[in-house]
Amino acid sequence: MGQRCGMNEPKQYVRTDPDGSMRVGETRVLLDVVVEHVDLGRSAEQIASEFPSLTIDLARGVAEFYAAHRVEVVRYLDRRMIESQRIEKQIRMRQGQPLTRKMLEARLRTHTEPSK
C-alpha cells in the first residue's frame with residue numbers, strides 16, 4: 001500500500017508500520033483518525049488544524065488515498081475494529097476475574113466462619 005518516497009517517486013501519504021498500523025506520511029498520526037475526519041466531511045485545512053504534525057498537503061493526500069483505495073482502507077479499519085474488540089474483551093475478562101475471586105472468597109468465609 002505505502003511506498004518509500006525517493007527523489008523521483010510519488011510522495012508517500014500512508015505507510016504501514018511493522019505492527020500493521022497505518023500512519024500518515026512520516027507522522028505518528030493513525031490513518032484511522034484521519035479517515036474518521038474525512039468521513040465527517042472535514043476539509044484538509046480542518047484536519048490539518050486538528051493534528052499539528054499534519055500539513056494541509058498530507059491531509060489532502062490522505063483523503064485522496066482513501067478515495068482511491070476505499071475498499072482496502074475499509075477492510076483495514078474492519079480488522080482494526082475486530083482486534084480492538086478482542087483486546088477489550090481480554091481486558092474485561094482479566095478485570096472481572098479478580099473481582100469474581102474476591103466475591104467467592106468472601107462468600108466462602110461467610111459460610112465457613114463459626115456462628116457467634
Being closer than 14 Å to residue 14 by Cα and at pLDDT 95 or above is the requirement here; does residue 34 meet it? yes
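Could you please let me know if residue 19 is surrounded by 13 or more Cβ atoms within 10 Å (Cβ to Cβ) and either out of contact with any strand residue (DSSP E or B) (no Cβ under 9 Å at 6 or more places or on another chain) or not β-branched (Val, Ile, Thr) (or both)?
No; evaluated as a whole, the condition is false for this residue.
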Can you find even one residue in segment 87-102 that is modelled with pLDDT of 95 or more and within 19 Å of residue 20 (Cβ to Cβ)? no
Are any residues in segment 43-73 closer than 18 Å to residue 19 by Cα and either surrounded by fewer than 15 Cβ atoms within 10 Å (Cβ to Cβ) or in contact with a strand residue (DSSP E or B) (Cβ under 7 Å, 6 or more places away or on another chain) (or both), and if so, which ones? 72
Working only within segment 31-42, note down all residues that are more than 18 Å from residue 16 (Cβ to Cβ) and surrounded by 12 or more Cβ atoms within 10 Å (Cβ to Cβ). 36, 37, 38, 42
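The values are calculated or read from the model by the stated rules, or taken from the named source; none is laboratory data. The model shown is predicted, which means the values in this text are computed figures rather than measured ones. Don't worry about glycine lacking a Cβ; one is built from the backbone with ideal geometry, like all the others, and counts go over all protein chains shown.
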